Amino acid sequence: MAISTGGDGNTPMADINTTPLVDVMLVLLIIFLIAVPVAIQTIEKLQIPVFESEESKDKVENLQLTVSTTDANGNSAGEPGYSGAVRDGECRVYFGNTTPVTSEELYDQAFERLDSIVQRAGGPDAIKEEPDLIPQVHIRGDVNAPWRCVAGTIYNVQAAGYPTVGFISNPVDPDA
């Protein structure tokens, strides 16, 4: 539907002809308007199979740690009157996200856990052949936990022998 107005007849027209694009889009629209209702009516009710979940015997469980601090009154998470972590609070590390541990206990428990996994896999040579059997450490840090607490936790688990340390974060709601 392009109509040229004015200009001399010797120069080529530089407008894009959109008529074929519109024709193709209209044909596709008509096809989908007809095809979708037919496809929806012909699909029978799906029966999804239900399987019983079994824990894998060869899957290694990753070590879950939570790093936080005490509140302004010195209370830890889970204690009555806890008002939230503060930056100048005392570091708190929770082994397996539930058991509070000191730095020494964190190192000892992490080492014992990794050693039992290595022995169960057949020793260090077997682990070298299948590095997927080595668990990772996943750290969930409180937003107010200072870096010194998180860095100390990373140091202790790497000293215990864990080669991979990752962080778990909660996604931020962009609408909030």
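Residues of the stretch 79-109 that are surrounded by fewer than 12 Cβ atoms within 10 Å (Cβ to Cβ) and aromatic (Phe, Trp, Tyr): none at all. Taken as a whole, the condition of being modelled with pLDDT of 85 or more, over 16 Å from Glu61 (Cβ atoms) and part of a helix (DSSP H, G or I) applies to Gln158. Out of the residues in the stretch 120-142 that are assigned to a loop (DSSP other than H, G, I, E, B), of a type outside the set (Asp, Glu) and touching a residue at least 24 places away in the same chain (Cβ under 8 Å), state the one that is least open to solvent (accessible area, probe 1.4 Å). This residue is Pro135. Per the conditions (1) under 23 Å from the mean Cα position of the chain (by Cα); (2) at pLDDT below 85, the sole criterion not satisfied by Arg140 is (2).
Okay, residues lined up against (1) among the acidic types (Asp, Glu); (2) assigned to a loop (DSSP other than H, G, I, E, B); (3) modelled with pLDDT under 80; (4) over 30 Å from Arg148 (Cα atoms):
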residue: Gly7; (1), (2), (3), (4): no, yes, yes, yes
residue: Thr11; (1), (2), (3), (4): no, yes, yes, yes
residue: Leu26; (1), (2), (3), (4): no, no, no, yes
residue: Ile30; (1), (2), (3), (4): no, no, no, yes
residue: Ala35; (1), (2), (3), (4): no, no, no, yes
residue: Gln47; (1), (2), (3), (4): no, yes, yes, yes
residue: Glu54; (1), (2), (3), (4): yes, yes, yes, yes
residue: Val93; (1), (2), (3), (4): no, no, no, no
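Scanning the stretch 87-103 for residues that are in contact (Cβ under 8 Å) with a residue 60 or more places away in the chain and closer than 16 Å to His138 by Cα yields a single hit, Val93.
The values are calculated or read from the model by the stated rules, or taken from the named source; none is laboratory data. All values reported here derive from a predicted model rather than from experimental measurement. Cβ atoms come from the backbone with ideal geometry, glycine included; neighbour counts cover every protein chain shown. Remember, those area values only see protein heavy atoms, side chains included, never the ligands or the DNA or RNA. Shrake-Rupley method; radii C 1.70, N 1.55, O 1.52, S 1.80 Å.
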